[in-house]
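Undergrad: Here it is, the structure in full.
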Amino acid sequence: MVAPSKPAPGATFIPAEDWSTLNRGDAVWVHEDGWGYDNGVVDEVSGDHRMLWIILEQGGRRLICGNDPLEVWAV
């Protein structure tokens, strides 16, 4: 499976300080400069809401931190 080239229509950028609005099972897209987009679903949001575990549609599980140089998008 190939990663999407952009978030789904209607997706909204979610800054790290608002990750507390995300819930397990929410569809998300993660964008990194030089890499592009990965998509998946939220598996876990840390207690301090500064880290997300995402189960990637392309396979695997990824931890991202609020200070990582990337963007998170959700519908």
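The values are calculated or read from the model by the stated rules, or taken from the named source; none is laboratory data. Fair warning: this is a prediction, and the values are worked out from it, not measured in the lab. Note that each Cβ is placed from the backbone with ideal geometry, even for glycine, and that neighbours are counted across all protein chains shown. For the accessible areas, the whole protein counts, side chains as well, though only heavy atoms, and no ligand, DNA or RNA atoms are used. Shrake-Rupley method; radii C 1.70, N 1.55, O 1.52, S 1.80 Å.
Undergrad: At 1.4 Å probe size, with every protein chain present, just tell me what the per residue accessible area of the chain comes to in Å².
TA: 60 Å²
Undergrad: Okay, next question. Based on alpha-carbon positions alone, could you give the equivalent ellipsoid semi-axes of the chain from the gyration tensor, as √(5λ), descending, whole Å?
TA: The three semi-axes for the chain are 17, 13, 12 Å.
Undergrad: Still on this structure, please answer the following. Take the solvent-accessible surface of the protein heavy atoms, probe 1.4 Å, and return the percent of it on the chain that carbon and sulfur atoms account for.
TA: 53 percent
Undergrad: Quick check for me: using +1 on Lys/Arg Cβ and -1 on Asp/Glu Cβ, what's the dipole size of the chain about its Cα centre, in debye to the nearest 20?
TA: With Lys and Arg at +1 and Asp and Glu at -1, about 180 debye.
Undergrad: Among rounded, prolate and oblate, which fits region 1-43 when a ≥ b ≥ c are the square roots of the eigenvalues of its C-alpha gyration tensor, a/c under 1.5 means rounded, and a/b larger than b/c means prolate?
TA: prolate
Undergrad: Ranked highest first by the average count of other Cβ atoms within 10 Å around their residues, in what order do 8-18, 52-62 fall?
TA: So the order, starting with the most tightly packed, is 52-62, 8-18.
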